[in-house]
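Report on one structure; see the data block that follows.
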Amino acid sequence: MSRTSFATFGNELYSGKRSYPFVAKRNLWFLIAGIALLISILIPVVKGGFNLGIDFRGGSEFTVSATENTDVAIGERAVTDVVTDAVPRVTNIAADTMRIQTERLSDDETLSVRDNLVSGYGVDEDQVTSSFVGPTWGEDVSRQALIGFGVFVFLAAVLMAIYFRTWKMALAAMAALVVVMVVTAGLYSLSDFEVTPSAIIGFLTILSYALYDTVVVFDKIRENTADITISTKRTFAEQVNLAVNQTLVRSINTSVVAILPVASILFIGAFLLGAGTLQDLSLALFIGIILGTLGTIFIAAPLYAALRLNEPELKKQEKKVLARRTLEAAAV
Amino acid sequence: MPRTGPGTAAKRTLVWLGALTALLAILLGAGSYWSTASWSPRLALDLEGGTQMILAPRVQDGSEITPEQLDQAVEIIRQRVDGSGVAEAEINTQSGQNVIVSLPGTPDAQTRDLIQASAQMEFRPVLAGGPGQAAAAETPTPDDQLPKPAAEPQNASDPNWITPELYKEFEALDCLDPAALEPAEEPAPADQPMVACEPDSQGKYILGPVEVPGTDISTASYGLQRGAQGQSLNTWAVTIDFNDEGTDTFRTVTERLYAIGQGDPRNQFAIVLDGRIVSAPTTNAVIPDGNPQISGNFTEESAAALAEQLKYGALPISFEIQSEQQISATLGADQLRLGLIAGLIGLLLVAVYSMFQYRLLGLVTIASLVVAGILTYLAICILGWTENYRLSLAGVAGLIVAIGQTADSFIVYFERIRDELRDGRGLVSAVENGWRRAKRTVLASKAVNLLAALVLYFVAVGNVRGFAFTLGLTAIADLVVVFLFTHPVLRLLARTKFFGEGHPWSGLDPSRLGGIPLYRGAGRLREPGEKPVVVARAKNKGATAEAERRMTIAERRRAEQQKALAGRTGSSAVGSSVAQDAEPAIDRAEPAVAGRTGSRAARTGSSVAGRTGSSQKETNE
């Protein structure tokens with residue numbers, strides 16, 4: 001799309017010349033969202049839960065970086081030579097990075113496994129990192145994250161209700177948020193990436209991003225519908241729809257700008273870094289930013305319109321608008 | 001170009017921003033010159049390499065750990081780690097629950113054991129004491145003069161506990177050597193004597209077996225000593241409060257020690273924590289009520305410290321390793337480097353995209369991002385210096401993610417300006433009006449971001465905190481930049497010929513935006529010759545439907561009259577002009593809005609032509 005036509009696209013959206021029926025077709029979007037929700041809940045159930053990282057299972061982990069040899073057997077032997085009944089999980093997580101996970105090892109065992117890995121893969125001592133995580137660590141992190149989630153959602157709802165002076169906007173935003181979070185979790189589970197504390201960080205960021213995005217669009221809706229009861233130009237639903245259309249260019253630009261750095265981490269992470277803090281984080285963000293933007297447009301705004309449509313005052317206003325249109329149609 | 005009010009105000013704001021940046025830079029510069037600040041951010045362990053252990057303190061009776069106990073635990077671990085000679089160790093608490101120990105390099109097994117060991121406090125009687133230095137190597141007490149136990153020890157104060165081996169150990173102990181002050185790796189068994197140093201007086205002692213365990217302490221407090229008449233003396237003292245069992249035992253002990261008489265070292269008892277003597281007071285009285293008072297050369301601080309240590313003795317804390325991570329320095333550096341590369345590529349893509357979307361206006365985005373980046377960088381360096389904030393990989397991710405959210409403020413603002421231009425405003429007033437609307441949105445949305453960052457920071461643990469911190473920091477930097485940089489810059493740019501006249505490359509070309517500025521700011525009107533030709537064009541279905549809904553001026557007049565009959569003319573006109581309607585063709589010619597009627601009517605007249613004009617351009621390209 002050339003710039004001129006993109007600008008024209010913006011102009012037409014602004015004037016209402018071009019309009020996408022975000023509000024009118026809301027039942028279709030809600031249906032899609034419902035199906036997506038259902039699938040997202042089913043994915044982890046069918047897959048037997050999330051692929052929990054070592055932080056949630058507890059155990060010892062070794063990472064061998066910059067190795068030319070990526071033979072899985074070496075890693076397995078390195079562990080079983082020390083602890084005969086161990087069942088190590090050895091994964092080639094990036095081009096030249098091996099990850100070996102096993103149950104919790106004692107200090108001496110850890111050192112021996114380390115030595116075995118250094119000699120087995122023919123790398124320097126400082127190319128092997130080791131870590132041990134107690135089984136409660138991940139639980140602590142996620143429990144705190146859940147508390148954070150609850151506190152944030154509550155405070156954000158209060159903030160929105162006060163700022164927009166209607167709890168219906170807060171409710172619509174929260175409903176969209178829940179859909180975004182659940183579907184992101186479902187897609188994350190589908191990707192088979194490990195759930196790590198970094199991924200949890202990612203989810204919490206989406207929380208902030210999705211709500212942020214909704215607030216921007218809702219602010220435009222608030223502006224467009226401020227004098228709705230004394231205007232007969234458009235019905236409430238049309239006014240909401242216009243606001244979403246008018247901010248569509250901004251929504252696209254913002255999500256592209258937000259996605260670019262995240263995508264750059266995700267792909268650079270995948271090809272150069274190996275699975276680390278940045279990669280799981282950026283995958284969660286990548287999915288979440290896209291869904292967050294869609295959630296605002298297709299769920300939050302139409303849901304807000306739907307929540308308010310039955311208010312007597314807006315019903316009256318709608319009648320007036322329709323009456324005016326009929327009158328004008330008759331006059332022509 | 002006239003120097004109008006907003007223009008000078010904008011320049012003044014920019015000067016303020018410059019002053020703020022310079023102030024931060026000078027602060028950091030001064031800090032690095034006279035103090036420990038550095039021009040590069042301090043890095044967390046995952047980027048710098050090293051070992052991080054997260055320890056969960058466990059109180060013996062299984063109760064929740066109190067903040068004081070946690071502080072005490074940190075103090076104990078700090079002493080242990082410092083004693084083991086590891087430099088630059090960092091010990092922090094985490095969300096009131098855990099203790100994080102960060103060490104450069106890989107600790108040896110000894111250090112690890114030391115850190116995990118649970119500290120024991122105990123009361124032991126003194127058997128012998130002496131100055132702290134070791135006996136000169138050439139003059140040890142000859143073997144035949146060493147004290148030999150004559151009989152089985154009768155009580156804990158019995159000198160018969162001192163064996164020749166113990167005495168040799170005592171002689172060899174050099175309390176002036178810092179290594180001797182290390183906490184004992186293996187605490188002496190409770191029923192055996194031991195030798196220990198007292199760090200404060202640098203004296204050394206042979207101590208008898210444990211008589212009262214620290215767990216017998218209920219609590220301890222400190223305060224000014226009371227004289228015989230109850231008047232407050234000017235000396236500090238620490239009061240121990242034993243439980244019932246401790247009261248009984250301590251009475252027996254003090255009875256015995258007091259009987260020995262002052263002047264004999266055996267009159268003293270030692271409070272031992274982690275194999276080190278915390279205090280070795282003399283016994284001046286029999287304590288029957290379990291409330292001994294320790295006085296001496298205390299300052300308020302040392303009295304408080306001793307009271308804290310005694311309280312800790314009441315509930316020994318052990319540590320459970322929750323997680324341990326060893327990161328090689330090269331891996332950390334690699335991650336940082338690649339993280340930064342990823343960030344730069346991301347930033348570059350954002351720059352390209354904004355140039356594509358906003359032409360030269362995109363430069364304002366890039367410049368704003370750069371200014372936000374500089375402010376954030378300075379803030380991180382300064383916080384690293386004053387608050388010991390360390391940038392972790394999660395923090396770097398937070399910074400990269402923040403690029404998008406920061407740029408969004410500019411996008412919201414630019415789109416509002418474009419909307420104003422589409423309504424046919426001149427650039428100068430479009431910038432002002434757009435800003436008024438955008439400001440609200442930016443403030444509301446950043447409030448959500450800040451709220452998220454704050455909640456995450458205070459609730460979450462570990463990595464999440466570093467991430468939340470950078471997220472909050474960038475949100476603030478973003479607000480500073482939007483208010484003090486982006487907006488003033490746009491105000492100034494709006495007055496330049498290039499942007500003000502809507503050059504096609506400015507990104508604010510009104511004809512491309514569908515707005516028809518008759519009035520172009522700075523008192524200039526559009527030349528009649530520029531009037532674009534109306535070209536009919538096949539329209540899509542939606543647009544046709546929309547067009548059908550529109551009215552000609554005559555139709556509108558009729559509608560207005562009908563509405564006037566219904567008695568609602570005034571409110572309708574005012575309402576629609578306030579509500580920022582998107583279709584100038586309908587309400588802008590409304591004569592009800594006095595004073596601006598002329599230009600509005602004219603603008604409306606050319607509106608249709610202009611819009612089609614832009615479509616013509618489009619078809620030509």
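Okay, here's what the table says:
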item	result
Rounded, prolate or oblate (a/c below 1.5 giving rounded, otherwise prolate when a/b exceeds b/c) for segment B:341-483 by Cα gyration tensor	prolate
Accessible surface of B:Leu27 - all protein chains present, 1.4 Å probe, nearest 10 Å²	80 Å²
Selected from A:Leu171, A:Leu111, A:Leu281 as most flexible by GNM, with chain A as the system and alpha-carbon contacts under 10 Å	A:Leu111
Accessible area in the full protein assembly, largest first, 1.4 Å probe, for A:Arg234, B:Arg436, B:Arg78	B:Arg436, B:Arg78, A:Arg234
Number of partner chain Cβ atoms within 10 Å, mean per residue of A:144-151	5
Probe 1.4 Å, all protein chains present, accessible-area order of B:Asp244, B:Asp113, largest first	B:Asp244, B:Asp113
From phi via Karplus (6.51, -1.76, 1.60), per-residue ³J(HN,Hα) for segment B:69-75 in Hz, x at Gly/Pro	5, 5, 4, 4, 4, 4, 4
B:Ile54, B:Ile260, reordered so the largest accessible area comes first (probe 1.4 Å)	B:Ile260, B:Ile54
Shape call, segment A:174-312: gyration tensor on alpha carbons, a/c limit 1.5	prolate
Spatial separation of Cα centroids for segment B:347-383 and segment A:183-262, in angstrom	23 Å
Within the accessible area of segment A:58-159 (1.4 Å probe), percent carbon and sulfur	53 percent
Average Cα contact separation per residue, segment B:331-401, under 8 Å, 6 or more apart, as relative contact order %	36 percent
Label-point gap, in nm, between A:Ile32 and B:Arg12 - each point 7 angstrom along Cα→Cβ	5.1 nm
Residue-normalised accessible area of segment A:141-192, expressed per residue, 1.4 Å probe, Å²	43 Å²
Shielding by other protein chains, A:190-203, mean Cβ within 10 Å	3
Local electrostatic count at B:Leu28 - Lys and Arg +1, Asp and Glu -1, tallied over other residues with Cβ under 14 Å	0
Solvent accessible area, Å² - B:Met194, 1.4 Å probe, full protein context	20 Å²
Whole-Å semi-axes of the ellipsoid equivalent to segment A:39-198 (Cα gyration tensor, √5λ, descending)	42, 16, 14
Heavy atoms of B:Glu420: accessible area, 1.4 Å probe, square angstrom to 10	0 Å²
Label-point separation in nm, B:Glu245 to B:Asn297, each point 7 Å along Cα→Cβ	3.7 nm
Net lengthening on full extension, B:Thr235/B:Ala329 (0.36 nm per residue, minus Cα-Cα)	28.7 nm
Neighbouring partner chain Cβ atoms per residue of B:405-416, average, 10 Å criterion	6
Relative contact order (%) - criterion: Cα under 8 Å, at least six apart; region: segment B:316-458	17 percent
Chain A: relative contact order in percent, alpha carbon pairs under 8 Å with at least 6 residues between	25 percent
Kyte-Doolittle mean at least -0.5, axial Cα span of 20 Å or more - DSSP H helices of chain A	A:26-47, A:135-164, A:167-191, A:197-224, A:248-268, A:277-294
For chain A, built as a Gaussian network whose Cα springs stay under 10 Å, the top-fluctuating residue of A:Leu303, A:Leu283, A:Leu314	A:Leu314
Förster radius 56 Å - calculated FRET efficiency between B:Asn92 and A:Leu327 (Cβ-Cβ, nearest 0.05)	0.20
Förster radius 25 Å - calculated FRET efficiency between B:Arg58 and A:Leu155 (Cβ-Cβ, nearest 0.05)	0.15
q = 0.11 Å⁻¹: log10 I(q)/I(0) that the Debye formula gives for chain A, counting C-alpha atoms only	-0.80
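The values are calculated or read from the model by the stated rules, or taken from the named source; none is laboratory data. This one's a predicted model, so the numbers in the text were calculated from it and none came from an experiment. Glycine also receives a Cβ, built like all others from the backbone with ideal geometry; neighbour counts cover every protein chain displayed. For the accessible areas, the whole protein counts, side chains as well, though only heavy atoms, and no ligand, DNA or RNA atoms are used. Shrake-Rupley method; radii C 1.70, N 1.55, O 1.52, S 1.80 Å.
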